[in-house]
1. Looking for something modelled with pLDDT under 95, under 19 Å from M140 (Cα atoms), in a helix (DSSP H, G or I) and open to solvent by less than 40 Å² (accessible area, probe 1.4 Å) - is there at least one such residue anywhere in the range 243-258?
2. Can you give me the number of residues within the range 1-60 that are out of contact with any strand residue (DSSP E or B) (no Cβ under 8 Å at 6 or more places or on another chain) and within 23 Å of L93 (Cα to Cα)?
3. Does the range 166-186 include one or more residues that are polar (S, T, N, Q), away from the ligand (no atom under 13 Å from the Cβ), surrounded by fewer than 18 Cβ atoms within 10 Å (Cβ to Cβ) and modelled with pLDDT under 90?
4. Do the conditions hold for L149, that is, is it away from the ligand (no atom under 16 Å from the Cβ), closer than 29 Å to E118 by Cβ and at pLDDT 95 or above?
5. Write out, first by first residue and then by second, each pair whose Cβ atoms fall under 7 Å of each other, whose residues are 6+ apart or on separate chains, and whose first residue, in the range 1-12, is closer than 11 Å to G30 by Cα while the second is in a strand (DSSP E or B) and open to solvent by 100 Å² or more (accessible area, probe 1.4 Å).
6. Residues L121, L141, L102: which one is more than 25 Å from F189 (Cβ to Cβ), open to solvent by less than 50 Å² (accessible area, probe 1.4 Å) and part of a helix (DSSP H, G or I)?
7. Within the bounds of the range 198-215, is there any residue that is within 13 Å of P159 (Cα to Cα), within 15 Å of the ligand (Cβ to nearest atom) and open to solvent by less than 60 Å² (accessible area, probe 1.4 Å)?
Amino acid sequence: MLTKDLAVCIRAIDYSETSQIVTFFTKATGKISAIAKGSKRLKSSFDGPIEIFSHGKIVFSDTKKEKLATLTEFEAASGGPGFIGLHKNLFALNCCLFAAELLNSLTHDYDPHPELFESFLQFLHNTNEQQTTSDERQDMLALLILFQLSLLKEVGLQPILNHCANCKTSHERRVTPQDALRRNDEYYFSSSANGLICRDCEASFPDKMRLTNTAANCLSNLNMIAEAKKKTLTEIEKVLIHHFTEILHRQPKMAKHILRG
Ligand SMILES: [Zn+2]
């Protein structure tokens with residue numbers, strides 16, 4: 001059976017002199033891995049080798065029982081094959097590669113997430129457009145953080161950021177982190193608690209990371225992320241990388257390229 005879908009390439013590896021194995025995140029089918037036979041030939045039905053982040057319409061044999069589907073058509077969206085502009089900016093490219101790695105690690109084959117498909121494409125577009133601005137690195141980190149949080153939400157791992165993940169609303173006086181922060185309270189992030197932890201609860205969570213007030217405020221009010229300073233964004237990204245490392249039981253490969261940045 002042939003399936004048509006919209007897709008973005010999140011991984012492409014050489015399989016032979018002429019073929020590739022590609023992983024697509026598709027809108028209606030979810031993640032699929034497929035063999036693109038002859039894609040590296042000069043004349044193929046795929047307009048040349050398929051590059052990571054290229055997106056468009058695909059047709060593939062949908063056998064499901066076999067691990068690899070067979071890609072029969074790929075028609076890249078107008079504007080050329082993917083996001084060529086990214087290659088001009090290493091940090092932007094690394095952010096996109098990191099997002100793709102996390103998307104690949106946290107989703108299952110044939111498990112559709114249409115909204116996540118849209119938010120990933122939007123992330124790639126926004127990242128590509130940000131590159132001409134003066135403080136591109138700051139903007140890029142903000143986009144990456146927002147994508148990472150939407151990814152966690154879409155795969156059912158949304159962190160609890162609007163109150164203490166442990167004691168919830170039981171402290172009447174401490175309704176939101178903003179209220180707490182006004183009183184110069186302390187907040188932490190704990191991966192095992194999957195969210196923010198207040199000062200009263202922090203002792204029970206050895207994996208906690210202390211947050212600055214600004215970072216805790218940004219996490220509990222995501223509208224602040226876009227305006228946050230690079231220092232705060234770097235702090236939040238470190239916390240998220242720690243969190244993804246705990247979830248995946250290994251540090252994501254691309255993480256070191258982001259922190260080094
Ligand atoms: Zn608490």
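1. Yes, the conditions are met somewhere in the range 243-258.
2. Of the residues in the range 1-60, 1 are out of contact with any strand residue (DSSP E or B) (no Cβ under 8 Å at 6 or more places or on another chain) and within 23 Å of L93 (Cα to Cα).
3. Start the filter on the range 166-186 by keeping residues that are polar (S, T, N, Q), which leaves 166, 169-170, 176, 178, 184.
Pick out the ones that are also away from the ligand (no atom under 13 Å from the Cβ) and you get 178, 184.
From what is left, the residues that are surrounded by fewer than 18 Cβ atoms within 10 Å (Cβ to Cβ) are 178, 184.
Subsequent filtering for residues that are modelled with pLDDT under 90 retains 178, 184.
Checked against the condition, which is being polar (S, T, N, Q), away from the ligand (no atom under 13 Å from the Cβ), surrounded by fewer than 18 Cβ atoms within 10 Å (Cβ to Cβ) and modelled with pLDDT under 90, the range 166-186 yields at least one hit.
4. Numbers: away from the ligand (no atom under 16 Å from the Cβ): yes; closer than 29 Å to E118 by Cβ: yes; at pLDDT 95 or above: yes.
Considered against the rule, which asks whether it is away from the ligand (no atom under 16 Å from the Cβ), closer than 29 Å to E118 by Cβ and at pLDDT 95 or above, L149 comes out as yes.
5. These pairs meet every condition: L6/K57.
6. L121
7. First pass over the range 198-215, keeping only residues within 13 Å of P159 (Cα to Cα): none.
No, the conditions are met nowhere in the range 198-215.
This table checks each residue for (1) in a loop (DSSP other than H, G, I, E, B); (2) within 16 Å of L103 (Cβ to Cβ); (3) open to solvent by 50 Å² or more (accessible area, probe 1.4 Å).
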| site | (1), (2), (3) |
| --- | --- |
| L6 | no, yes, yes |
| E17 | yes, no, yes |
| K43 | yes, no, yes |
| F53 | yes, yes, no |
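The values are calculated or read from the model by the stated rules, or taken from the named source; none is laboratory data. Only a predicted model underlies this, so the values are computations on that prediction, with no experimental measurement involved. Methodologically, a virtual Cβ is constructed for each residue, glycine included, from the backbone with ideal geometry; neighbour enumeration extends over all protein chains shown. To get the accessible areas, we keep the full protein, side chains included, count just its heavy atoms, and leave off ligands, DNA and RNA. Shrake-Rupley method; radii C 1.70, N 1.55, O 1.52, S 1.80 Å.
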